[in-house]
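These notes concern the structure reproduced below.
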Amino acid sequence: MGFSLSDPSLLRGQAFINGEWVDAKSRAEFPVFNPANGEIISHVADVGEHEAQNAIEAAQISMQDWKLKSPTERSNVLQHWHDLIIEYADDLASILTLEQGKPLAEAKGEILYGASYLKWFAEEAKRIYGDILPSAQDRRSFVIKQPVGVVVAITPWNFPNAMITRKVAPALAAGCAIVLKPAPETPLSALALAELAIRAGVPAGVFNVLPCLKAEEVGEVLTASSIVKKLTFTGSTPVGKLLLRQCADTVKRTSMELGGNAPVIVFNDADIDLAVAGALASKFRNSGQTCICANRLLVQEGIYDRFLAKFTQAIKEFRLGDGFDAKTTLGPVITEKALDGIGSVVTGALDQGARLVVGGKPAESDGWFYEPTVLADVQADMDIFSKEIFGPVAPVIKFKTDAEAIAMANDTSFGLASYIYTQDISRIWQVSEALEYGMVGVNETAISSELIPFGGVKESGHGREGSKYGLDDYLETKYICMGGLNA
Ligand code: SIN
């Protein structure tokens, strides 16, 4: 058990701008913590306005060549980057576990998931097609697709690798250059990706990484810049709204992958073991810290007690611990603040009448661990019903009819992922179509992959990541009219 790297040069501490590793001009640094024990891992350059401007300008200049490379050349670079990520997957997983806490096997899964976006968009780079439209006799009308321009990506700490590649791969495939601001909790994974980008032949300036502790200063520079044409963000809905407001002045294109409040609806006719397994996998993936985590378990009255018993029994098998321990199945949450926040949500729910079935408190540890928790008999008027929990806490709610389940599921400002468990094909279609969500998993909660359009509706955001739709967010559609043909 423990941290070691086959290639220690993947562990970087500086910003990556225009193909070079640089300190902050101010010399400022910030600490990165291991959430499993609260200790400082290392210090990383804390960049500001100066570095943000440099990165934007480097991206603008480098993009002029990058967008003119042939699709095959861009594809080859992305494919090479993918291959290096696979080669160093164990090292990248170790860095991820160290700074983020998820169990090593889960971290390795994220690295492979992240790499899959590079492979997918390496392939899609060669399939950016235009169109010839029906036209009058004297003219021909064409549509061509062009890169949107310099892109800024702001990424979260819960998937410090895959949320980067999911944005950077389509941007680069489209011919854009990108400036990345990773989450301050997990900059090391982003910087390791940059090290591999150099080795893969990503040209200087095409991919830049700006670690910084306080996002406001850098965020304002990035959003105010008229060079930056597009902002892609994964994170909370309040921050997404702020960024949208900041982007309004320069009318930037935006993609927003924001918060969720995913319901898992288990009907009486569900395969109960499948439903329990799916709900567990979704709820406790990454210790409940994903935007598509099961946030509310809606269970029909005829199956409620049996579901609760099986679900709770399975939770008792979880083993909380350091992600480097092979026996660990559930890691810490990201910060002490997050731990306190989860505690308040649980206390609030108990005060409002929820019933504690298991867990309900932080675990004894130097790190930031919360016991896997089940709260039964949760009602729609309790605060926890509308709150994105982002922790290993499962509220279980009883319902009677399909209509009631749909109404409860949709009774939220969020609309990212939702899940249903039923064997009835009519119900599958009726409920899937009635759910106001960007994604519906039917008898399945492991819905993410590079092959599908990931994204939400309502206050969960807009834009889609992955799949053939994922490139659209980085392309402009230009109409060209060629006239005077019969003159
Ligand atoms: C997220 O939490 O938004 C990402 C989850 C995923 O890609 O499966």
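The values are calculated or read from the model by the stated rules, or taken from the named source; none is laboratory data. Predicted model, so just to flag it, every value in this text is computed and none were measured. As a convention, Cβ positions derive from the backbone with ideal geometry for all residues, glycine included, and neighbour counts pool all protein chains shown. Protein only, heavy atoms only, side chains kept; ligands, DNA and RNA dropped before computing areas. Shrake-Rupley method; radii C 1.70, N 1.55, O 1.52, S 1.80 Å.
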Let me know the volume per residue of the alpha-carbon convex hull for the chain, in Å³.
149
Could you pull out every one of the aspartates and glutamates with an alpha carbon less than 17 Å from that of LYS337, ignoring same-chain neighbours closer than 8 positions?
GLU39, GLU99, GLU185, GLU364, ASP366, GLU371, GLU388
Any idea of the accessible area per residue across segment 66-169, 1.4 Å probe, to the nearest Å²?
37
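Sum -39500 (n - 2.57) across every DSSP H segment of at least 4 residues in the chain, then divide by the residue count to get the 222 nm mean residue ellipticity, nearest 500.
Working: 13 runs with 177 residues, N = 487.
Value at 222 nm, helices only, nearest 500: -11500 deg cm²/dmol.
Work out the P(r) tail for segment 119-208: percent of alpha carbon pairs separated by more than 18 Å, whole number.
Working: 2095 of 4005 pairs.
Here the tail beyond 18 Å accounts for 52 percent of pairs.
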Computed over segment 359-421, Cα set: Rg, Dmax in Å
14.0, 46
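Carbon-plus-sulfur fraction of the accessible area of the chain, 1.4 Å probe, in percent?
Working: 10000 of 19290 Å².
Its accessible area is 52 percent carbon and sulfur atoms.
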Calculate how steeply helix 215-224 sits against the longest principal axis of the alpha-carbon atoms of the chain, using the helix alpha-carbon long axis, and give the answer as 0 to 90 degrees to the nearest 10.
40
So how compact is segment 158-224: Cα radius of gyration and Dmax in angstrom?
11.8, 32
Nearest 10, in degrees from 0 to 90: the angle of helix 272-284 to the longest Cα principal axis of the chain is 60
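Which value does Rg/Rh take for segment 1-66 over its C-alpha atoms, Rh per Kirkwood? Write out the running numbers ahead of the final one.
On the way: Rg = 15.2 Å, Rh = 14.0 Å.
We get a ratio of 1.09 for segment 1-66.
My understanding is that a pair violates if its Cα-Cα distance is over 18 Å; which of LYS214/LYS387; LYS181/LYS229; LYS241/LYS468; LYS252/LYS468 do that in this structure? Could you put the intermediate results ahead of the total?
Numbers: LYS214/LYS387 25 Å; LYS181/LYS229 16 Å; LYS241/LYS468 27 Å; LYS252/LYS468 22 Å.
From the list (LYS214/LYS387; LYS181/LYS229; LYS241/LYS468; LYS252/LYS468), the Cα-Cα distance tops 18 Å for LYS214/LYS387; LYS241/LYS468; LYS252/LYS468.
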Gyration tensor over alpha-carbon atoms, segment 35-187, equivalent ellipsoid semi-axes in Å
35, 19, 12
Dividing the alpha-carbon Rg of segment 414-453 by 2.2 N^0.38 Å yields what?
1.15
Farthest toward positive dipole pole in segment 1-124 [+1 Lys/Arg, -1 Asp/Glu at C-beta], among LEU10, TYR88, GLN60:
GLN60
If you line up the long axis of helix 187-200 against the longest principal axis of the chain, both from Cα atoms, how many degrees apart are they, to the nearest 10?
40
Whole-Å semi-axes of segment 175-311's equivalent ellipsoid (Cα gyration tensor)
40, 19, 12
Hey, could you pull the Cα Rg and Dmax for segment 376-477, both in Å?
15.3, 51
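Taking only protein heavy atoms and a 1.4 Å probe, what accessible area per residue, in Å², does segment 306-405 have with all protein chains in place? Working shown, then result.
Numbers: 4640 Å² over 100 residues.
Accessible area per residue, segment 306-405: 46 Å².
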